[in-house]
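Read through the structure below, which is laid out as structure tokens, and then see the notes.
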Amino acid sequence: MRSARPPRVLLVATFRTDELHRGHPLRPFLAELDRVRGVQRLDLDRLDRDGTAEMLTHLLGVEPEPHTVDTVFERAQGNPFFIEQFAASGDECGDIPDNLRDLLLSRVDQLPEPAQRVLRVAAVGGTKFGHELLTRVAGMAVAELESALRTVVAAQLIVVDASGGYEFRHALVREAVHDDLLPGEHARLHARYAEIIEAEPRLLPMGRAPVEIAHHWHAAHDNPKALVAARKAAEDAGRRYAFGEQARLLDRVLELWEQVPDAEELLGTCHADLLEEAAIAAIDAGEIMRALTLTKAALHGLDAETEPVRAARLFVRRARLMQNAGKSNGSSESREAYRILQTTPRTGESVRLLADVAHALNGVDNDLASEIARQAVAEAKELGNVPAEITATITHGRVCSGRVPAEEALPSLLAAVETARTSDDLQNLAWGLVNISDTLFELGRYVESADAAWEGVPNADRVGVSRTHGVFLLANYAEALIALGRWDEADASLADAARLDPPGTLALPPLRLRTHLRLDRGHEGAEALLARTTSFLGKPYLKDEDRLSLLELRLMGAIAQDDHVLMASAVRVALAEPSMTRRPRYGWPTLAAAATAVDRLGDDELAAQVRALAERIPVRRTVDRAFASQVEATLGHDVKCWRQAVDEWRADGQRHPLAVALLGYAAAAAGAGDRAAAGAAIEEMAEIAGSLGAVPLLTEATTLAHRLGLRSAAAAIPLGTELLTAREREVLRLVAEGHSNSRIAEQLYISPKTASVHVSRIIAKLDVGNRVEAAAVAHRLGLLDR
């Protein structure tokens, strides 16, 4: 290699570092290569979670659920081969595939017996373990243990970590070794770990002893000790706001309750208290369906006369859970809770429950919800209970959203949040910031909205409510960023929300925003995400804002696909939706999408219905006026209306709607013979859409500019290939090589129909007439050389 002089030769060699033991003959050769000029060494790290998700998407053909990604990432630890094996098994969250298990254990089987014994003991302790704890459990002579450990480390099965302890190089090796234990060996070793950690908690990192003790007693099948240990560990997890861990531990306590005769005596609590505690932990952890089951069990046989506060608490909790699951509006449960609370003495808890009832009835019976919210605020003030007053005030602001002017609701919300901040009430602070950021957005104060939401995100994380309050905050933050034109940051925030895997309808705020972004950017995965998002329309119950947003997305999807049948159906459903006039913030965008669809359809009857509905939706703010002008301009193709829409959107500050209005204005101006105004509008619109990556808008602008012969305007639009997605560029390369749609489908592992859709979009975006011209563009721009 030192003497090789042929021009333009690249030699690539790969090796696996975990296969190179110290005596491997490749080691000195690699060390020599590192000193050779012209040799570059690249160390490829394991995939992170996002990389794991991307690889699974390619392997499975669909975007996997967040919990699937989390499970595979945790088990495979970013190893591409392991990820591939799980994907191929068809059960990514199940047992290790047999062929992979055999491969993992084959290296273990080559070790001498003392080393294998130490490895089995270590596997029981977990992926990471300390030397002193291993010594205590193994019960071996120090010299024998160290010799065995040296053998295992040399075999690259265990590595020394930065803290001076040990870690399995691959978590799956530990899992395979642990699963291979004999039943008696399994129970004995787990019991030994539990006994030693109970005696010396210092052997584990701070805070880990309770949960590890509970785990080992449970694995040892010592039910009485496992019951007590799980309850202690659950209490410790709750103090640390680790609600997911607490919920899992309390589920184990409930499971063991039936198997331990004196469980109530051992724990010092009754079954009803335990059920309610588990339900609260499940709610805080975002496990809606589990919480619903536990709440139903707690209500079963409960006497509301003797325990009215508990009954009211459970009824309103069940109402909220039914709503979040999309099962029903929870009206009967909410009203029953309110009836019971009217008979109980006023305390801080009963006032907070009144606020919860008001929140549950919001959108179900708005008048009653407002009345109860005002009652809660008044009674909290009368009691002088500050935490209850904070909760009631924030709830009142939420309930009155859309009915009381936002300008009037904001001051009391700000005061309540400031009180929560100064009193270190982090949960109410997070919830209050959700409402404040939402109110600021409604007022068009997008920068302040983003700042308020961002302040709340770490507070939600600190008190363990990331999957609930935290998701709303991330969605509000992204929504404000979208309005400001900071789409990449918004997309990252929505990805963070998706990773939290919010349950039930709590997933909708970030999900619908992410779908909106993908449609507006012409993302190749938009259709699949749209189908997943709009499937929520099949739920028996949705909040008004969620239903309207989903109807808007359905319209956008039909327009993107140019499906006239679907457009007509989606328009009729949207126009018949009663909440269109109740919630103008969400009704106007839906009506604007309906107007665009009706314009494409050329249906005068539907156009009249859209105009009639536009007369009934309230116009309160600049954004409403902008939408109203846009709707009329879309249907009437009137230059003045489009000019007014442009002015209103410019005043409001939202970037993408401004670009849409500019494009509409350009088309109308061109139709009126004002080519200069059309060209200027296209140039401004192209600058905005280009910065956003709004490919569909840029495509329409390109078509319009070429049709009008506006060369200067066309020059302001990015080159055709910059409009293409990564997948479309792959398809274009294959088109240029002369492949048919069926051959392209085989090469890219997609269906021929999908390949045909990609080719059609490429032809439209490049403004060419056929595949041959598209191939010529590919050659001219050097795509085949990339």
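The values are calculated or read from the model by the stated rules, or taken from the named source; none is laboratory data. Quick caveat, the model's predicted, so the values are computed rather than measured. A quick note on method: Cβ atoms are made from the backbone with ideal geometry, for glycine too, and the neighbour counts reach across all protein chains shown. For the accessible areas, the whole protein counts, side chains as well, though only heavy atoms, and no ligand, DNA or RNA atoms are used. Shrake-Rupley method; radii C 1.70, N 1.55, O 1.52, S 1.80 Å.
Accessible surface of LEU104, taken over heavy atoms with a 1.4 Å probe and every protein chain present, rounds to 10 Å².
With a/c under 1.5 counting as rounded, go ahead and sort segment 183-232 into rounded, prolate or oblate using the C-alpha gyration tensor (a ≥ b ≥ c being the square roots of the eigenvalues; past the cut-off, prolate if a/b is larger than b/c, else oblate). Oblate shape, in that a/c is at least 1.5 and b/c is the bigger or equal ratio. The ellipsoid equivalent to the alpha-carbon distribution of segment 138-256 has semi-axes of 28, 17, 14 angstrom, derived from the gyration tensor eigenvalues as √(5λ) and listed largest first. Atom-type composition of the exposed protein surface of segment 113-212 places 55 percent of the accessible area on carbon and sulfur (1.4 angstrom probe). A P(r) calculated from all alpha carbon pairs of the chain, with 10 Å bins opening at zero, reads 2, 11, 18, 20, 18, 15, 10, 4, 1, 0 percent.
In this structure MET140 has an accessible area near 30 Å², from a 1.4 Å probe over the protein heavy atoms. How big, in percent, is the set of alpha carbon pairs in segment 136-175 lying more than 13 Å apart? More than 13 Å apart: 59 percent of the Cα pairs in segment 136-175.
In the complete set of protein chains, residue-level accessible area for LYS128 is approximately 130 Å², probe 1.4 angstrom.
I need the shape label for segment 422-499. Rule: rounded when a/c is under 1.5, else prolate if a/b > b/c, else oblate, with a, b, c from the alpha carbon gyration tensor. Judged from the Cα gyration tensor, segment 422-499 comes out oblate (a/c at least 1.5, b/c at or above a/b). Computed from point charges on the beta carbon alone (+1 for Lys and Arg, -1 for Asp and Glu), the dipole magnitude for the chain about its Cα centre is near 1800 Debye. Between segment 532-576 and segment 385-420, the C-alpha centres lie 32 angstrom from each other. Volume per residue of the convex hull around the Cα atoms, evaluated for segment 330-439, comes out as 90 Å³. Across the protein chains, with a 1.4 Å probe defining accessible surface, the residues ILE559, ILE762 rank ILE559, ILE762 from largest area downward. Note that the chain presents 47 Å² accessible area per residue, ligands and nucleic acids not counted, probe 1.4 Å.
The protection proxy used here, the mean number of other Cβ atoms lying within 10 Å of each residue, ranks peptides 770-776, 671-677, 77-83, 192-198 as follows, highest first: 192-198, 77-83, 770-776, 671-677. P(r) tail for segment 560-706: Cα pairs beyond 28 Å make up 16% of the total.
In sequence order, segment 57-73 has phi-based couplings of 4, 5, 6, 8, x, 9, 6, x, 5, x, 5, 5, 4, 4, 5, 5, 5 Hz under the Karplus curve 6.51 cos²θ - 1.76 cosθ + 1.60, θ = phi - 60°, and Gly or Pro positions carry x. Using a probe radius of 1.4 angstrom, the carbon and sulfur fraction of the accessible surface of segment 401-484 is 56%. Considering only Cα atoms, the convex hull volume of segment 518-597 works out to 86 Å³ per residue.
Taking the 1.4 Å solvent-accessible surface of segment 326-367 as the whole, the part contributed by carbon and sulfur is 43%. Once you keep just the Cα pairs under 8 angstrom separated by 6 or more residues, what percentage relative contact order results for the chain? The value is 5 percent.
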